[in-house]
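Everything below concerns the one structure shown next.
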Amino acid sequence: MEVLRVSAFIGILCCAFLGLALCAEKPLNQGLQCDGCVAVLQELHNKLSNSQGRKKVIEQALGGLCETENFVVYRHSPPKMVKACNFITERFGKELRNNLHRCDGCVAVLQELHNKLSNSQGRKKVIEQALSGLCETENFVVYRHSPPKMVKACNFITERFGKELRNNLHSFYKKYRVKDNVKLQEEFCDDVIKVCLPGQRDVDIRMASAHADAGMTVEDANKKIADQLSSPEQEPELVVESPEVGYFDEKDELCLQKIP
């Protein structure tokens, strides 16, 4: 039986919600709740990889998640995995929903920073200037998750992993002068802060309407929509969710550990 239906490189998610360490630091001999947490996130990713973060689709996925047929390949028996699934989704439902958009948030942060840092040669002063004012609504209007969610993810990444972000930006742009930073996205989002599961990170995370103009960059699309929002003659209908509190403590986090 498989512990996880993911690539060999992927480890186990430690799922440290509300201070309850569901996974031990060592990757071997993990308990039922740890395996259940990992399985829940993997099964949700299988169902939501093309959902564009739509609430209705997320709720539908969660509604039919804790069923026996979803957990027949794991090392614990299906009844035990269903019990763990129910525990995770009932006890930590809010945290699960909050974490589903963080991978897109990480990609968006790096894409927005690339617009300002592509010719920076990794200079620290330029990096600080780029980070200043980054987590603002107008910078995230073209992405498939709502601006408030993206701002929340941006704040989480820049505040929780500020040191790691600065170090990776400095190293990458000191070494490379390229048209995109997909390599940095892979290194930082997947390996350093581990907010993206294998196969979860998409290079293009804009909403469908942002593709209307062929060849339009994220920066151009942001500017176009911002101009539309500020125009009194034509105000597009933009439905966004109410922003949630942007504070995250150490208990509200998904983390990743490698297994052999």
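The values are calculated or read from the model by the stated rules, or taken from the named source; none is laboratory data. Here the structure is a predicted model, which means the values were calculated and not measured. Ideal geometry is used to build each Cβ from the backbone, glycine not excepted, and the neighbour counts take in all protein chains shown.
Quick one: what pairs do we get from the stretch 40-62, first residue under 12 Å from His101 (Cα atoms), second modelled with pLDDT under 85 and of a type in the set (Lys, Arg), C-beta under 8 Å, 6+ apart or different chains?
Filtered contacts from the stretch 40-62: Gln52/Arg144; Gly53/Arg144; Ile58/Arg97.
Which of (1) modelled with pLDDT of 95 or more; (2) not assigned by TED's automatic domain parsing to the domain that holds Thr68 is the odd one out, the single condition Lys149 does not satisfy?
Answer for Lys149: the failing condition is (1).
Which ones in the stretch 84-96 are farther than 15 Å from Asn46 by Cβ and surrounded by 16 or more Cβ atoms within 10 Å (Cβ to Cβ)?
Step one: list which residues in the stretch 84-96 are farther than 15 Å from Asn46 by Cβ, which gives 84, 86-95.
Scanning the stretch 84-96 gives Ala84, Phe87, Ile88, Thr89, Phe92, Glu95.
Kindly indicate whether any position in the stretch 55-73 is among the hydroxyl-bearing types (Ser, Thr, Tyr), at pLDDT 55 or above and either surrounded by fewer than 18 Cβ atoms within 10 Å (Cβ to Cβ) or not in a loop (DSSP other than H, G, I, E, B) (or both).
Yes: one or more hits.
Read through the list (1) in contact (Cβ under 8 Å) with a residue 60 or more places away in the chain; (2) under 23 Å from Glu186 (Cα atoms); (3) surrounded by fewer than 22 Cβ atoms within 10 Å (Cβ to Cβ), then give the number of the only condition that Asp104 fails.
(3)
Working only within the stretch 84-95, note down all residues that are at pLDDT below 85 and within 13 Å of Gly36 (Cα to Cα).
The one that is at pLDDT below 85 and within 13 Å of Gly36 (Cα to Cα): Phe92.
Being at pLDDT 95 or above, under 19 Å from Ile205 (Cβ atoms) and either β-branched (Val, Ile, Thr) or in contact with a Pro (Cβ under 9 Å, 6 or more places away or on another chain) (or both): is that true of Val109 here?
Spelling it out, Val109 is indeed at pLDDT 95 or above, under 19 Å from Ile205 (Cβ atoms) and either β-branched (Val, Ile, Thr) or in contact with a Pro (Cβ under 9 Å, 6 or more places away or on another chain) (or both).
Filter the stretch 195-216 down to the residues that are outside any helix (DSSP H, G or I) and farther than 25 Å from Asn99 by Cα, then identify the one that is modelled with the highest pLDDT.
The qualifying residue modelled with the highest pLDDT is Met216.
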